[in-house]
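Novice: Before we start, here is the structure in question, set down as structure tokens.
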Protein chains: 2
Amino acid sequence: MSGQAGAMAASPAASKSQLAYEWIHGRIVSGALGPGSRLVLSQVAAELDISVVPVREAVRRLEAEGLITFEKNVGATVAGIDPVEYLYTMQTLSLVEGAATALSAPSVRRADLDAAREVNGRMHAMLADFPENFDPVRFTQLNHDFHSVLFEHCPNPHILDLVHRGWNRLTALRGSTFSFVPERAPESVEEHEVLLQLIERGAPTAEVELAARRHRSATLDAYLARTDAHPAFPVL
Amino acid sequence: MSGQAGAMAASPAASKSQLAYEWIHGRIVSGALGPGSRLVLSQVAAELDISVVPVREAVRRLEAEGLITFEKNVGATVAGIDPVEYLYTMQTLSLVEGAATALSAPSVRRADLDAAREVNGRMHAMLADFPENFDPVRFTQLNHDFHSVLFEHCPNPHILDLVHRGWNRLTALRGSTFSFVPERAPESVEEHEVLLQLIERGAPTAEVELAARRHRSATLDAYLARTDAHPAFPVL
DNA sequence: CTCGGCTGGATCGTATACGATCATCGTATA
DNA sequence: TATACGATGATCGTATACGATCCAGCCGAG
């Protein structure tokens, strides 16, 4: 469901500011605009056949969400070249996603669990092709779908919003700092099942949170292990 | 220090958009603009003697930070009337502040600890006037100063930013949903000391995080206990 | 007296125009 | 050849103007 660019573009008479926002956002998360790409307001305006004012507004919003940086007489550039930045994003996501998953747990229904299991099954199936013929992009996509099911019921809209932003940043960053750690794939699938069982049997909130957080932290640790960019990075 | 509008108006040639942002932001967190206040772009522009375009941009930023809501042909209104909204904010703040405090712990220096203790001492002194002649606003202010010292060293800028936003929202909300729970004041001071000792002796990250989170959660629990707005609210 | 439609005002959304600032590139000189 | 300096272009920041949309109050009909 999250594959398309515009997400929900249902409104026919959306404001042009919104249009510009969704257009740029889509181009970033779809990978059409890689990190470091320059983005000139007037060009975007011309492309969308609108004025620069709404574009400017959209850029500001995206800046607030951390997807781009905006410099004074230089223009807007898609953020995320810095690997340290990537670590910060992962750490933050670990925090908020763990909380969202834990808060969602009581509201997760049978159908959700089944759907998540089905997705995880497909991830498991992909492991057969590991490591050759393995499609990390597809795997990452499924991974996102899996976790979506588990955190989307989060009753706290703030936390949920932070989770979405984190995933967006992460998606935008793929390509430059390529995050995926293939060695972790098999463990990931196992940990997913553990997480499902925890939720299934109504484990305490704190326990679910810890498990979800650990799951991501482990990935981050694996990433840190093979890079020496940031030796001692405290993982919550 | 927070009484003035501009807060830090050090930069002489700040953009007008920034000017508008700081002006509105200051009026909100200082309480001059209570929740529900309407804010008309053209009026603000006239007040600051600038055009509406930068004001509009500032409003969008503030909207992204959750301080105001912006409706199409109605205008901008300062957010935060809903008590449920308050709970969500507290819950989120509990999460991110706990993390920020834990991540800051290794970088907290002797001088910081002393400063925090000094602030907490002043809070302790205020308890003498409890419950009569007790100034909750002043107490809340000191509380913020205390925690600031403990989380400001957080190396992750994202998390730190979230903490700031949370506090801003909380500060903006005071007045309507009055959060302060007087009964908690003595315990608060004690818990602060516990937190200081944990950091002082270099306790593990997870332990510090838990303590910091518990500290806030307890306040939230106390708030929930005396209100029946939201019976079962899962506190992380 | 109440209800429905209509007119007027207010506010936002966007387009266009102009000025300010900075990066870039070419050129002259040591 | 390397470096400092100045002209040029590009881009952003803001002001102003106009159109679109919505809310409020009034007026007339039932």
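The values are calculated or read from the model by the stated rules, or taken from the named source; none is laboratory data. Note that the coordinates shown come from a computational prediction; the quantities given were computed from them, not determined experimentally. Because the Cβ atoms are built from the backbone with ideal geometry, glycine has one as well, and the counts that use them run over all protein chains shown. The accessibility values were calculated without ligands, DNA or RNA, using every heavy atom of the protein model including side chains. Shrake-Rupley method; radii C 1.70, N 1.55, O 1.52, S 1.80 Å.
Novice: Would you calculate the volume per residue, in Å³, of the smallest convex hull containing every Cα atom of region A:80-176?
Specialist: It is 91 Å³ per residue.
Novice: Within 10 Å, at most 12 other Cβ atoms, and a DSSP state outside H, G, I, E, B define an exposed site. Report the longest part of chain A free of exposed trypsin sites (Lys or Arg not before Pro).
Specialist: A:110-200
Novice: Rounding to the nearest 10 and keeping the result within 0 to 90°, find how far the Cα-based axis of helix A:136-151 lies from the longest principal axis of chain A.
Specialist: Computed tilt is about 80 degrees.
Novice: Send over the per residue convex hull volume for region B:101-145, Cα only, as a whole number of Å³.
Specialist: Cα convex hull per residue, to the nearest whole number: 65 Å³.
Novice: Ok, one more. How big is the A/B interface in buried accessible area, both sides summed, 1.4 Å probe, to the nearest 100 Å²?
Specialist: Between A and B, the summed buried area is about 2400 Å².
Novice: Between copies, how close do the A:ASP49 label points come, placed 7 Å along Cα→Cβ, listed in nm from shortest?
Specialist: Copy-to-copy label distances for A:ASP49: 4.3 nm.
Novice: With respect to the axis carrying B onto A, what is the closest chain B residue by Cβ position, and how many angstrom separate it from the axis?
Specialist: Closest to the rotation axis on chain B: B:ALA64, 2.
Novice: Mind checking the mean number of beta-carbon atoms from other chains within 10 Å of the Cβ atoms in A:147-160?
Specialist: Counting Cβ atoms of other protein chains within 10 Å of each residue's Cβ and averaging gives 3.
Novice: What does the convex hull of the Cα atoms of the protein assembly as shown come to per residue, in Å³, rounded to a whole number?
Specialist: Per residue, the Cα convex hull of the protein assembly as shown comes to 165 Å³.
Novice: Over chain A, what is the mean sequence separation of C-alpha contacts under 8 Å (at least six apart), divided by residue count, expressed as relative contact order in percent?
Specialist: Relative contact order of chain A: 25 percent.
Novice: Heavy atoms only, probe 1.4 Å: what % of the accessible area of the protein assembly as shown goes to carbon and sulfur, would you let me know?
Specialist: C and S atoms contribute 55 percent here.
Novice: Restricting attention to region B:113-163, which chymotrypsin sites (Phe, Trp or Tyr not before Pro) occupy a DSSP loop and are surrounded by at most 16 other Cβ atoms within 10 Å?
Specialist: In loop regions of region B:113-163 (DSSP not H, G, I, E or B), the sparsely surrounded chymotrypsin sites (Phe, Trp or Tyr not before Pro) are B:PHE134.
Novice: Over the Cα atoms of region B:16-78, what is the Rg over Rh ratio if Rh follows Kirkwood?
Specialist: 0.91
Novice: Additional query: Using a 1.4 Å probe on the protein heavy atoms only, what accessible surface does B:ASP145 show? Give it in Å² to the nearest 10.
Specialist: Here the accessible area works out near 40 Å².
Novice: Moving to a separate point now. If one takes the longest principal axis of the Cα atoms in chain B, at what angle in degrees, from 0 to 90 and to the nearest 10, does the Cα axis of helix B:52-64 lie?
Specialist: Once rounded, one gets 30 degrees.
Novice: Also: Given Cα positions, please report Rg to Rh for chain B, the hydrodynamic radius being the Kirkwood one.
Specialist: Expressed as Rg/Rh, it is 0.99.
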